[in-house]
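Take a look at the structure set out below.
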Amino acid sequence: MKTGLVLEGGAMRGIYTAGVLDIFNENNIKVDGVIGVSAGSVHGCSYISGQKGRSIRYTMKYRRNPRFMSLRSLIKTGDICEAKFCYDELPHKLDLYDNEAFKKSGIDFYVVCTNVETGMPEYIHIKDMFEQMDAVRASASMPYLSKIVETEGMKLLDGGVSDAVPVKKFMEMGYDRLVVVLTKPRGYQPNPNNVTMTKKLYSKYPDFVDTLITRHLRYKDNLDYVNKLEEEGKILVVRPTEKVKISRTDKNLEHIWTMYQLGRKDCTDKLDSIKEWLEIN
């Protein structure tokens, strides 16, 4: 049996996942593999390195820094989250990432990106965070708000476009005992993307356009599949039990803290079930 974590994205809503993962670390809950999408990738790596509290710490500290996330950064650099700040200065200088602990963890880490030339998902095995940081950045590079990231020999953007909740893929990869962490409450319905704007911005990449404008349909199918497996007792799901007022680019201290604490609470409430499911004594 191989145990795994599937971590959905959601931009700032992903701080919910950081709360869940801190409870995992505080209770020494380890799995064989993690697959993260967008914000799930960003927070999943700190879980693997065992750095509990890191995600909420730097989010709270730098949330109002225009280089962390802002319209100013988007205009100046082409990325709403400045790449040099978030993926270079932050992990190397401001809030050190423990890459050695990551490599020694024994946990396989995959990030999901979307190939803009094919419109298909790419599942990239991260073996060294510092050497493959651009793949993690690509996974979290939101369309419309980020530049295309060229890495691993591909042109990539946010993995949530093509496979927002990669349960089926992770099972195909041999992970048969999964805990799935979602960032939206039950009943959430995504809205379609603007077709005209999408075609204009990504006219060079027609396959990516098709994938992006059908994203909401694929996401619904993903959730239906997750709900079915959950009802059949084949996976365990942790999702927000309450609706929290928080946007994808929220900087409000109360909103962020509330979402993080909800992740901690929801995970704590399911802790015994999680341990039993993963067969942890």
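The values are calculated or read from the model by the stated rules, or taken from the named source; none is laboratory data. What you are looking at is a predicted structure, and each value in this text was computed from that prediction instead of being measured. Cβ placement follows ideal geometry from the backbone for every residue including glycine, while neighbour counts extend to all protein chains displayed. Side chains are part of the model used for accessible areas, which takes the heavy atoms of the whole protein and leaves out ligands, DNA and RNA. Shrake-Rupley method; radii C 1.70, N 1.55, O 1.52, S 1.80 Å.
Numbers below:
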| read-out | value |
| --- | --- |
| Qualifying residue in the stretch 159-169 (condition: surrounded by fewer than 15 Cβ atoms within 10 Å (Cβ to Cβ), among the charged types (D, E, K, R) and in contact with a strand residue (DSSP E or B) (Cβ under 8 Å, 6 or more places away or on another chain)) | no |
| Pick from the stretch 127-153, criterion assigned to a helix (DSSP H, G or I) and of a type outside the set (A, V, I, L, M), ranking: farthest from Ala11 (Cα to Cα) | Asp134 |
| Checking Leu278 against (1) over 17 Å from Gly19 (Cβ atoms); (2) without any contact (Cβ under 8 Å) to a residue 60 or more places away in the chain; (3) crowded, with 18+ Cβ neighbours inside 10 Å, the condition it does not meet | (2) |
| Close pairs (6 angstrom Cβ cut-off, 6 or more residues apart or separate chains): under 23 Å from Lys245 (Cβ atoms) in the stretch 181-203, in a loop (DSSP other than H, G, I, E, B) and of a type outside the set (D, E, K, R) anywhere | Thr183/Gly10; Pro185/Pro240 |
| Number of the exception - Asn191 against (1) touching a His at 6+ places or on another chain (Cβ under 8 Å); (2) surrounded by 17 or more Cβ atoms within 10 Å (Cβ to Cβ) | (2) |
| Residue within the stretch 154-168 that is in a loop (DSSP other than H, G, I, E, B), more than 24 Å from Leu71 (Cβ to Cβ) and free of Cβ contacts under 8 Å to residues at least 40 places away in the same chain present | no |
| Residue that is farthest from Gly106 (Cα to Cα), among those in the stretch 1-11 that are open to solvent by 10 Å² or more (accessible area, probe 1.4 Å) and assigned to a loop (DSSP other than H, G, I, E, B) | Met1 |
| Selected residue (criterion: farthest from Met69 (Cα to Cα)) from residues of the stretch 226-281 that are among the polar types (S, T, N, Q) and outside any loop (DSSP other than H, G, I, E, B) | Ser273 |
| Within the stretch 12-125, helices (runs of 4 or more DSSP H) holding 2 or more residues that are open to solvent by 50 Å² or more (accessible area, probe 1.4 Å) | 54-62, 71-77, 99-104 |
| Members of the stretch 62-88 found to be over 15 Å from Gln132 (Cα atoms) and charged (D, E, K, R), listed by number | Arg63, Arg64, Arg67, Arg72, Lys76, Asp79, Glu82 |
| Residue tally, condition of a type outside the set (A, V, I, L, M), open to solvent by 20 Å² or more (accessible area, probe 1.4 Å) and part of a loop (DSSP other than H, G, I, E, B), over the stretch 170-183 | 2 |
| Check on Asp266, in contact with a helix residue (DSSP H, G or I) (Cβ under 6 Å, 6 or more places away or on another chain), among the acidic types (Asp, Glu) and touching a residue at least 40 places away in the same chain (Cβ under 8 Å) | no |
| Where a residue in the stretch 218-229 is within 16 Å of Leu178 (Cα to Cα) and its partner, wherever it lies, is among the hydroxyl-bearing types (Ser, Thr, Tyr), with Cβ under 9 Å and at least six apart | Leu223/Tyr188 |
